[in-house]
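A short write-up of the structure that comes next.
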Amino acid sequence: MTSLLTLALFLIGPASSIQPTISVQTSDQIKPSRTEVITPIRSATFNKGGKAKVRKQGGNPRLVNGDLVFDGSQDGNRQVDPQIAVGSGYVLHGTNGGLIVYDKSGNYVQGVPQSEFNNGIDPKLFYDISNRVFGFDMWVYWDKEKVKPVNVSISETENPLGAWNTYPVPAPGGVDGGGIGHSRKWIGYSFPGGPEQTFVMKMSEAKAGKPATVYHFAGNLGQPVNNQDATDDLYFVELSDTEIAITRVTDAGDGTPVVSSVVRKAHDIRFCDYPPNSPQKGTTKRTASGDRNPKNLVLQNRCIWFSQAVNIDGRSAVQWHQVTLNGTFVQSGRIADPVNSFIETTLAVNKHNDVLVGFQETGPNMFISPRYAYRRASDKPGTTRAIVHLGEGVGATEGGAWGDYSGSVIDGDNLTDFWTVQSQASAIGHGDCVIAKVSPKR
């Protein structure tokens, strides 16, 4: 990501060693630099009426440590980038190989390659609780026209097997590393590269499959947040080495989006380095540990929650955070080990403020394996319970890239259960996906 999205990470206690300052911008609202109208590519059904190429993988539901676990995509190489979105009785699963729909019992329903949605890589998925639709983005950099479109796809209904509309939004000058977020009213996307690195669309237009006005903003507003609260405002987060900035986009009163406030607050940083590559059993080749910039941030109960991988004592470790909308850190925690590394993390939080942190574990005496840690809202601040094993890797990767993220979300039907998807190294060192449903634990 660009320096604008560079995240400085830290672990804080009840008090900070510095006195933070807050600067709130409420006047001179920042308006879009330009607009354009994008006509969607419509598919009447997820699999184009049965004409799409079939991608059938996964299933095999079973219980592991009391959790429902089933297989996801099994065709990953080194850059799997797994994601999930859950709601309306379905689990939508995405990787760099394409998209698959399962029922919530872990049975395969339908699957297609990403080429059926105007091609692209690096899917980030969400389920909009307020509008009851699924959404995802995929970024394209190999198009002949060189406009590098960001394909934003939204389902017309709560059924992911039904109609979809894909909006190819030009992002000239853009490079890989973008992120998507949403509120009840808006869809937001930010990416590194080019003079305009953030755009906003209306959810109502995308859901209806209408030609949608895309509002571009100069510079970069930060990483967009996925809104689980029933609010219209869309938030973006930027962290530097010294400050956190939370930007709020709202309706200007005429149906157009504007930046109505930017809250900046100094923070106390303890860990800020990118995680080092991590060891694995039986080889000197090290695997990438992920991006310290979180790929999913969540707004729940008026707080922003996220996790990321960082360098702690020379190994990759996980840190997670709860931050108020005025930039105050409520709690932070870390998951670290004196020998092994924890990589590729994402966080989910439910309506009760219970938290699941998903990640993978690797080390000199083990292969890359799927894990999660859980905390109830009533647990001691900054703590998680014992790490839960969802499976065990069985082979070494060829080293280098392994993906930038995993996927962890709440169940959009009850806002209480958790779902996580993590990669697991196969016998030939490729990334198989494991999906788990986790109910809150006492």
Practice item. Please work out if V147 is surrounded by fewer than 20 Cβ atoms within 10 Å (Cβ to Cβ) and assigned to a strand (DSSP E or B). Key: no
Check your understanding: Any idea which of G382, G395 is part of a loop (DSSP other than H, G, I, E, B), open to solvent by less than 30 Å² (accessible area, probe 1.4 Å), free of Cβ contacts under 8 Å to residues at least 60 places away in the same chain and more than 25 Å from K124 (Cβ to Cβ)?
Key -> G395
Exercise for review: Write out, first by first residue and then by second, each pair whose Cβ atoms fall under 7 Å of each other, whose residues are 6+ apart or on separate chains, and whose first residue, in the range 415-427, is surrounded by 24 or more Cβ atoms within 10 Å (Cβ to Cβ) while the second is modelled with pLDDT of 95 or more and among the aromatic types (F, W, Y).
Suggested key: T420/Y372; A425/F367
Exercise for review: Sort out for me the strands (runs of 3 or more DSSP E) sitting completely within the range 262-371 that have 2 or more residues that are open to solvent by 10 Å² or more (accessible area, probe 1.4 Å) and of a type outside the set (A, V, I, L, M).
Suggested key: 283-287, 303-312, 315-324, 329-335
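Looking only at strands (runs of 3 or more DSSP E) that fall completely inside the range 42-115, which ones have 3 or more residues that are without any contact (Cβ under 8 Å) to a residue 24 or more places away in the chain?
Strands (runs of 3 or more DSSP E) meeting the threshold: none at all.
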Review point. With (1) at positive phi; (2) under 18 Å from the mean Cα position of the chain (by Cα) as the list, and L356 as the residue in question, which single condition is left unmet?
Key: (1)
Check your understanding: Does S23 qualify as being open to solvent by 30 Å² or more (accessible area, probe 1.4 Å), at pLDDT below 95 and over 23 Å from G403 (Cβ atoms)?
Key -> yes
Check your understanding: Counting only residues that are among the acidic types (D, E) and surrounded by fewer than 20 Cβ atoms within 10 Å (Cβ to Cβ), which one in the range 234-252 is nearest to D28 (Cα to Cα)?
Key -> D251
Check your understanding: Do we have F271 as within 24 Å of the chain's Cα centre (by Cα) and closer than 30 Å to E205 by Cα here?
Key -> no
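The values are calculated or read from the model by the stated rules, or taken from the named source; none is laboratory data. This structure is a prediction, so every number in the text was calculated from the model and none was measured. Glycine gets a Cβ as well: all are built from the backbone with ideal geometry, and neighbour counts include every protein chain shown. Remember, those area values only see protein heavy atoms, side chains included, never the ligands or the DNA or RNA. Shrake-Rupley method; radii C 1.70, N 1.55, O 1.52, S 1.80 Å.
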